[in-house]
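Only the coordinates and a few stated rules stand behind these numbers; no lab work does. Since this is a predicted model, take the numbers as computed values, not measurements. Because the Cβ atoms are built from the backbone with ideal geometry, glycine has one as well, and the counts that use them run over all protein chains shown.
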Amino acid sequence: MQHPKSLALLGAVCSLTVAAAGSLPRGVGPEFISHYQSKEFTCIANPSIVISIDRVNDNTCDCPDGSDEPGTAACAFIDPLSPEQPLYGSPSGTTNATRTLPGFWCNNKGHIGGYIPFTFVNDGICDYDVCCDGSDENGSANGVKCENRCAAIGKEYRRLAEERKKAHAKAIVKKQEMIKQASELRQQAEARVTALEKDVKDLEVKKGELEREYARVQNEEAVYDFDAYIPPFIRDVLHDKIRIVRKWLISNGMMADPATDGSESSAVKAAREAAEGAAQELSHKTRELEQEGSDLQKDFGPSDIFRAIQGKCAEIDAGEYTYELCWLDKTLQKSKKGHASSNMGNYARIDIAIADEEDRVDGKSLGSGPRMVMRYENGQTCWNGPQRRTDVWLGCAETEEIWRVSEAEKCVYKLEVGTPAACEDETVKKSHEKDEL
Ligand SMILES: [Ca+2]
Ligand SMILES: [Ca+2]
């Protein structure tokens, strides 16, 4: 039988390693040693109960808090989640449901000591993931004893720790590069905004000038439009002469020829087109300025870091789909069979949320603690369901890569993703902590 729960204990492993005192009872953790050094034993949480030292680890639970059995599973039943049971010597007459000892202490000399649950003690299984010294089995269960593997396990642990340390250092260098790149990109964006603001101002002036020029040319032409100004009673008299003059004006481009290009002369047309052109250019530049301006307002994370990878995409193969994450843009689910793909959300913001994942040997885990979560929302609507959305949880890695994808609930996806941007510089963190002290 395996103990999957014991993995969760890795996080609780205590880094204290204390050389076992000569006569110390089995399973006593370093912080409890002082209680087990005289000829009598006082139940730790029930000091009114004193028993002889030979009742410690005699495989009978004598103390209501279980402290007399640090090295057996005799008091394992004392658990806040278990129903109370009759217990001799307890002030309440039953188990008080609070155990003082955190578990069985595996000393693990040469590696890192740690506590395992009392139920794992003498259960016939060597629990090497926490107890590399095999001390959890002393032969009480079908004679099972476990060899001490701390030398090999400790060596492998230190090798992996060293590897992780190196990878982390590389990731921190990458992160610094990203921050530098992001800062350059921001400066470029700011320069573009400054240039565009000037362009817009200049174009506003130019547009005003060209509109005035257009109005002036139109007005001038109206003066040449004799028909509009001459009273009807003399128009007939002058008609022939006017026709000659009009013909001359049209042929010289000073007046529109109604037969060819509507009511506009080439001079008016040119002035109008120039004014319209300036207006068009102005609206184009104004739009560009708005876009660049909103880009500067966008949340790119601490130190603007995600600006460095904006628009870049990462993919992961998962069964019949490929999942794609495009940074600060969108997430996609692409079917491998057809060409169909579904938008799983558009980038909205970055939040901080608490991760609680087991550490993994390969380091590709969110671990536990506060982590950045990118929210991608308002994706394609699910059939008979809500709009898709994706939470992109970020962990520390040397390069951008999607570790895992899961559908937390219908149409809500969770991507676990590694990026240097999520790495914390331990040296910086430590020096900050020092400063605070
Ligand atoms: Ca006992
Ligand atoms: Ca065991």
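The figures follow:
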{"quantity": "Lysine pair count for region 311-436 [Cα-Cα under 26 Å; pairs on different chains or 8 or more apart]", "calculated": "21"}
{"quantity": "Cα-based reach from residue 201 at 23 Å (exclusive), listing lysines while leaving out same-chain residues under 8 positions away", "calculated": "285"}
{"quantity": "Residue 313 paired with residue 351, simple spin-label distance in nm, labels 7 Å along Cα-to-beta-carbon", "calculated": "2.6 nm"}
{"quantity": "Region 290-384: relative contact order in percent, alpha carbon pairs under 8 Å with at least 6 residues between", "calculated": "19 percent"}
{"quantity": "Surrounding net charge for residue 145, when Lys and Arg each add one and Asp and Glu each subtract one, Cβ distance under 14 Å", "calculated": "-4"}
{"quantity": "Inter-probe distance in nm under a simple model that places probes 7 Å from Cα toward Cβ, at residue 409 and residue 204", "calculated": "4.9 nm"}
{"quantity": "Projected label distance in nm at residue 59 and residue 276, using a 7 Å step from Cα toward the beta-carbon", "calculated": "10.1 nm"}
{"quantity": "R0 of 60 Å, Cβ-Cβ distance residue 245-residue 364: FRET efficiency to nearest 0.05", "calculated": "0.10"}
{"quantity": "Modelled FRET efficiency - R0 45 Å, residue 384 with residue 98, Cβ distances, 0.05 increments", "calculated": "0.35"}
{"quantity": "All lysines inside 22 Å of residue 247 as judged from Cα atoms, apart from same-chain residues fewer than 8 positions distant", "calculated": "269"}
{"quantity": "Neighbour-count ranking [beta-carbon atoms within 10 angstrom, fewest first] of 327, 105, 248, 403", "calculated": "248, 403, 327, 105"}
{"quantity": "Gain upon complete extension [residue 283, residue 336; 0.36 nm per residue less C-alpha separation]", "calculated": "14.8 nm"}
{"quantity": "By average C-beta atoms within 10 angstrom, highest first, the peptides 173-179, 305-311", "calculated": "305-311, 173-179"}
{"quantity": "Likely footprinting exposure, 184, 324, fewest C-beta neighbours within 10 Å first", "calculated": "184, 324"}
{"quantity": "Partners for residue 170 among aspartates and glutamates (Cα-Cα distance below 18 Å; same-chain residues under 8 apart left out)", "calculated": "162, 362, 398, 400, 401, 424, 425, 426"}
{"quantity": "Dipole magnitude (debye, nearest 20) for region 260-342, charges at Cβ of Lys, Arg, Asp, Glu", "calculated": "280 debye"}
{"quantity": "Violating pairs (Cα-Cα greater than 29 angstrom) within the set 165/298; 174/298; 145/166", "calculated": "165/298; 145/166"}
{"quantity": "Burial ordering of 321, 413, fewest other beta-carbon atoms within 10 Å first", "calculated": "321, 413"}
